[in-house]
Amino acid sequence: KEGAFLFLLFLHFSVFHLHYRFGSAPRLLLSSITLVCYIIRIATIVYAGSILLEVILGWNIYVSVPAIMTITGIYTLGGGLAAVMYTDTLQMFIFVFGGIIGTITALYKIEGWSNARNIMEAANLTDFTSMYRPPDAKEYAITGMLIGQMIGSMWYWCIDQELVQRVLSAKNTDHAKGGTILAGFLKLLPVFIITIPGMIARAFYERCKMDHLASEVGWAISSLHNPAWCSTNLTDGDNANKAYPYLIIYEFPVGVVGLMIASMLAAMMSSLAAVFNSASTVFTIDIYKRFIDTTASEERLVRVGQGATVCCVALGMAWIPVMKSQ
């Protein structure tokens, strides 16, 4: 019964279903698109990580990205999915704990969420505190979020190899169902441990601008005043990406800064390892074994998968000059 359940999941939520239903061509197309998406995803992950290390530690992107990608690639290469899942579990605890501490610290520094909202309203940024934006909004219109995000989420949670392989590797159906439910609940946390601290960072920036104007006319400035925030220019798109790292270095105590660095590096390495492993699996099973060497042995497939992981690391590093030029 449990085997039948996993087999049905295997058929309906993977590229194999396309092959059995429509033939090999759609399967090859979807596998190729998936690989391209994974390479792009690698670029976004390492870019986010490089911003963190640049702002907090002053590391150059040519130093931080190759180091992290190499370390992640080594343990993914040596241990495969098992290593990825064990490290993911450990890194999940680090990330969640660090995120919660970061949110509490940010709320304490801004003197509560109500004060952050008041600053946003005073800066005429009320849309920042609402998930609803009208259909004609330039960014994150409600229609796009409801329709576009739903399609993207269905792809990620139901079809993406990165998620499907974890369900298929479960010990039994109870573990598979429990893990899926737990993942759904954990997915609610980013609103509280990522979005809210980012909004608080913007509130600090707006407060600094208000205090600067107040000081020019001789008015009293806020107890929250930190002149460093005025130079961040979080209204600029590139600088807005650095909002959370700025919050860490300007407002968090030393011990919490270390915890947040560990937390964000854990999230980055976890995401990279998952993409590396999934990309190598898609290439090995859906392209190499199906179209290049149909009689390949298990040992041969393992070597091909390891080679695909190395290629993912190399392609990710090749994105560095592109990201640097943006």
Okay, which of the stretch 121-137 sit inside 18 Å, backbone N to the point 7 Å along the Cα-Cβ direction of I147? 132-137
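Once every DSSP H run of n ≥ 4 in the chain is given -39500 (n - 2.57) and the sum is divided by its residues, what mean residue ellipticity at 222 nm do you get, rounded to the nearest 500 deg cm²/dmol?
Working: 14 runs with 236 residues, N = 326.
Helix contribution divided over all residues of the chain: -24000 deg cm²/dmol.
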Quick query: amide H of A296 versus all other amide H atoms, modeled in the peptide plane; which residues come in under 5 Å with a sequence gap of 5 or more or a different chain? none
Counting Lys and Arg as +1 and Asp and Glu as -1, each charge on the Cβ, what is the dipole of the stretch 119-185 about the Cα centre in debye, to the nearest 20? 300 debye
So for the chain, taking the charge dipole from beta-carbon charges (+1 Lys/Arg, -1 Asp/Glu), which of I159, T294, T70 sits furthest toward the positive end? T294
Along the stretch 22-27, Karplus-curve 3J(HN,Hα) (6.51, -1.76, 1.60; θ = phi - 60°) to the nearest Hz, with x for Gly and Pro, reads 10, x, 7, 4, x, 5
About the Cα centre, charge dipole magnitude for the chain (Lys/Arg +1, Asp/Glu -1 at Cβ), debye: 720 debye
Tell me which residues come under 5 Å, amide H to amide H, from A123 once H is placed; ignore anything under 5 positions away on its chain. none
Per-residue HN-Hα couplings for the stretch 286-298 [Karplus 6.51, -1.76, 1.60; θ = phi - 60°; Hz; x = Gly/Pro]: 8, 10, 5, 5, 7, 10, 9, 9, 5, 9, 4, 6, 4
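Please report, as a whole percent, how much of the solvent-accessible surface of the chain comes from carbon and sulfur atoms (probe radius 1.4 Å).
Values: 11820 of 17620 Å².
Percent of accessible area from carbon and sulfur atoms in the chain: 67.
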Cβ-derived FRET efficiency at R0 45 Å, I181 paired with D293, nearest 0.05: 0.70
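Per residue, how large is the accessible surface of the chain? Use a 1.4 angstrom probe and give square angstrom. Can you show the working numbers first?
Values: 17620 Å² over 326 residues.
Value for the chain: 54 Å² per residue.
Given a cut-off of 28 Å, name the pairs among K138/K242; K187/K289; K109/K177; K177/K289 whose C-alpha atoms lie farther apart than that in the structure shown. Walk me through the intermediate numbers first.
Details: K138/K242 22 Å; K187/K289 34 Å; K109/K177 40 Å; K177/K289 30 Å.
Long pairs (Cα-Cα over 28 Å): K187/K289; K109/K177; K177/K289.
Looking at the stretch 40-118, I'd like the Rg to Rh ratio, where Rg is from alpha-carbon atoms and Rh is Kirkwood's inverse mean 1/r.
Values: Rg = 16.5 Å, Rh = 15.1 Å.
Taking Rg over the Kirkwood Rh, I get 1.10.
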Give me the aspartates and glutamates in straight-line cross-link reach of K171: C-alpha distance below 18 Å, same-chain residues under 8 apart excluded. E2, D88, E162
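Would you please put 26-33, 289-296 in order of how densely packed they are, using the mean number of other Cβ atoms within 10 angstrom per residue and starting with the highest?
Values: 26-33: 16.1, 289-296: 12.0.
My ranking of the peptides, most packed first, is 26-33, 289-296.
The values are calculated or read from the model by the stated rules, or taken from the named source; none is laboratory data. Because the structure is predicted, anything quoted here is derived from the model rather than measured. No Cβ is skipped: glycine too gets one built from the backbone with ideal geometry, and neighbour counts run over all protein chains shown. Protein only, heavy atoms only, side chains kept; ligands, DNA and RNA dropped before computing areas. Shrake-Rupley method; radii C 1.70, N 1.55, O 1.52, S 1.80 Å.
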